Each structure stands twice: as structure tokens, then as C-alpha cells.
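Report on the structure given below.
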Amino acid sequence: MKEKDVLKILEEVIDPELNMNIVELNMIRDIVINDDKISLTFLLTTEGCPLKEELKNNVVQLLKKNGFKEIKINLGTMKNDDLKKISSSLKSEKKEKEKIRNIIAVASGKGGVGKSTVTSNLAVSFKKLGYKVGILDADINGPNIPIMFGIKEKPEAIDEMILPIEKHGIKIVSLGFLMEEESNAILWRGPLISKAITELFEYSLWGEIDFLLVDLPPGTGDETLTVGQSLPLDGVLIVTTPQDVSVLDAKRSAYAFNKLNVKILGVVENMSYFICPENEKEYDIFGSGGGEKISKYLNIPLLGKIPIEIEIRRGGDIGKPVAILNQDLKSSVEFINIAKKIIKVLNVS
Ligand SMILES: Nc1ncnc2c1ncn2[C@@H]1O[C@H](COP(=O)(O)OP(=O)(O)OP(=O)(O)O)[C@@H](O)[C@H]1O
Ligand SMILES: [Mg+2]
């Protein structure tokens, strides 16, 4: 067997993160064959590659299957020049094959009303309904999505291309990944934010995605609008609580997106009521009717009402959205219903 035969055999091994085979990625080098003995160098893109052992094992198995008895594999890491080459093939792959069907932003006027919670749980719900889902956490002030999904690691970057972190079947990229320390956010304004978000979007390898949810910063200030303008949004969801201040801010947010010509898909009322676990009575902690008011006023659908549930908060804190944690909870069921309504509003098949 010759070197080129071995390369042909090894084309079968796919790097699942990059979705290309290890030969076209130029990962196999220095092949030396001596009868049924073979040694080769296997270069990975990063030393801490989580798939290291699995990939190596695949190579060994294939070589064994093809008659090699003594197999020596030297693992190594690529140098910058190699990475640049891969990055440029990834870029052309991305151009050719990437498909992001619907980009939906999640916005609110007031902070802390549950945008990130709604983003996470809707993402999980779309996934449960069989769609491919991604999240772009574009909250410059407090990127919370990694916490809500229990992500502690930074994503792998190959030159300038970013591999989203996949958690609970959802591809996740966060502005938080770009920040070394939270305090850095203060330095980021206007054009820089826009650039960071556009880059995050454009340099991430999304592959095929039916729904990309974008978690926005609160408010209708420059930051939010910059994000709104930086991405090709198909629509925006407005999150509010039932109380009047939140409603007022939500309206402002809706106006702002109207001005940007972004379609408002509907409103989600969060923290609508609290069901007391002891007597199952419902309490309107933040008042009532906010979602209905906005829906009527702006003539947009009220997509659903999410109760206050301890499990929602707990899920957010432990990195497991409630829609995964407990599927029978009222909120989990409601999130699925909202996802279904969005699918209808967007005419997705
Ligand atoms: N329906 C709910 N029941 C219980 N807790 C909730 C609910 N919705 C949100 N929370 C909790 O309230 C807090 C704020 O929610 P979240 O972070 O989703 O809001 P946000 O609008 O994204 O905030 P920010 O404006 O800071 O980005 C979180 O700790 C979250 O777990
Ligand atoms: Mg948030």
C-alpha cells in the first residue's frame, strides 16, 4: 500500500466540528509505510481538541481494517499557517453551504424581564419540535446565555473562524466569549459593538440552522439598535412583564424596531402569574394584562404567557433551561406553544 492509498482510506474520517474529512483538512502528515507497519503524524487544530481520542481511534481502526498490524500515530497541533489555510477553506465552505433560515431577535424595553430566559427556552422548544437551532448572545451588557446553558469553556477558533459551542443540541455563540473580563463591556460602544456582533455572526460556522435566536441587550438605546441593524433579522419578539412600566418600555422597543423595518412577530408576557406550589392558587405578582395591552395597541399577536416558576430561575442558574429540566411544567408547555405560533407567523414548514 502507498501513501496515497492510505490518504484515500483516511478520507472516511470526518472531523464532526468542521464537517470536513481529515485528509482535506491536511491533518495527516509524514506517512511512513513498511509492509504492515505504518507511522504517521496527525495534526489537530488545537491541543485541547475534545475529539482527539475519538478521531485517533477512528484512524487506528481504519488502518487495522486495511491490514496494518503495527500502527504508530504521533499527535500534534497545527501551526498558524496551517490554521490560516483551514480557515480559508472553512470560509468558502460557509459561503457555499451555510443556511440560516430565520433570524429572530428577542428584545425588551426594560431589563430583567426575561429575554435570555425566553431565548433559551424557545431555542430548546424549537429543537424539541425537530428544528435546527442556534443562539447568538448579543447582550453586550451581560451576556447570560453561556450561564443559562452551563457553558464554561470558550469556543474553538481556527484563525478567525469560530466554532459555536453545541449544548443541548443548540449551537451557541456569545459576545461573552470575546470578552476577557466583564468590565470590558464598558469600553465597547457604537461601531465597536456593531463590528463585534457582525463578526461574531459572520465568522461563526453555523452550518444549517432553521432558527437563529438573538438575545439582545435591554432597552432601545444605541446598543440595541446597533444590534438590530447589524444582523439580517427576519423578525423580533418583544418580551414584557404584565406591569405598566414594562409595557411602556416594550412599546418603545416595538416602535424602534418598526423604524428599522423589522417585523414584530408578537409579544411574550413573562412572569405573568405565580402558581403557589402549596395550594395551586394563582397570584398576579406583577399585575395583569400587560401582554394583552401591547398586543391590542400594536396590533401584534400575544404569543403566550409564562408563569413565574421557581424551576425557571433554577434552570437558568444551573445551566439547564426549564424546557429541558421539566417538560411537564406549565412554562415548558407554554414555551412549546409559543414556538409553534412563531412557526406559523413565519410560515415555516
Ligand atoms: N418566568 C420566570 N419565573 C421565574 N424566574 C424567572 C422567570 N423569568 C425570568 N426569571 C429569572 O429572572 C432573572 C432575569 O431573567 P433574564 O436574565 O432572562 O432577563 P433578561 O431580560 O434577559 O435580563 P437582562 O435585561 O439583564 O438581559 C433570571 O434569574 C431568570 O432566571
Ligand atoms: Mg438577558
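The values are calculated or read from the model by the stated rules, or taken from the named source; none is laboratory data. Bear in mind that the values here come from a model prediction, so they are computed numbers and not experimental data. Reconstructed Cβ throughout: ideal geometry from the backbone, glycine too, with neighbour counts over all protein chains shown. We work out accessible area using only protein heavy atoms, side chains counted, and drop any ligands, DNA or RNA first. Shrake-Rupley method; radii C 1.70, N 1.55, O 1.52, S 1.80 Å.
For the reader, a short list of remarks on this structure follows.
- Counted over the chain, the DSSP beta bridges are approximately 25% antiparallel.
- To the nearest 10, the accessible area of Asp82 is 30 Å² with a 1.4 Å probe.
- Over the Cα atoms of segment 3-78, the radius of gyration divided by the Kirkwood radius equals 0.93; this is the Rg/Rh ratio.
- Integer Hz, Karplus 6.51/-1.76/1.60 couplings in order for segment 138-143, x for Gly and Pro: 10, 7, 5, 7, x, x
- Hz values of 3J(HN,Hα) by residue in segment 25-40 - Karplus curve (6.51, -1.76, 1.60), Gly and Pro given as x: 7, 6, 8, 9, 9, 6, 6, 10, 10, 9, 6, 9, 10, 9, 9, 8
- Cα centroid separation, segment 1-21 to segment 84-129 (Å): 30
- Other-chain or far-sequence residues with amide H under 5 Å of Ser204's (modelled H): Ile162
- Heavy-atom accessible surface of segment 1-120: percent carbon and sulfur, 1.4 Å: 44
- The residues of the chain have, on average, 48 Å² of accessible surface per residue, using a 1.4 Å probe with all protein chains present.
- Above-threshold pairs, the threshold being 26 Å between Cα atoms, out of Lys4/Lys69; Lys99/Lys195; Lys251/Lys281; Lys52/Lys128; Lys4/Lys64; Lys2/Lys65: Lys251/Lys281; Lys52/Lys128
- Each principal axis of the Cα cloud of the chain was evaluated for its coordinate range; sorted largest first, these ranges are 79, 47, 40 Å.
- Dipole of the chain [Lys/Arg +1, Asp/Glu -1 at C-beta], most positive-end residue of Val59, Met20, Ser125: Ser125
- Rel. contact order, % - alpha carbon contacts under 8 angstrom, at least six apart, segment 97-345: 26
- Taking Cα atoms only, the orientation of helix 244-259 departs from the longest principal axis of the chain by about 60 degrees.
- Linear extension gain, Glu47 paired with Glu3, 0.36 nm per residue minus alpha-carbon span: 13.3 nm
- Length gained when the stretch Ser89-Asp317 is fully extended (0.36 nm per residue, less Cα-Cα span): 78.2 nm
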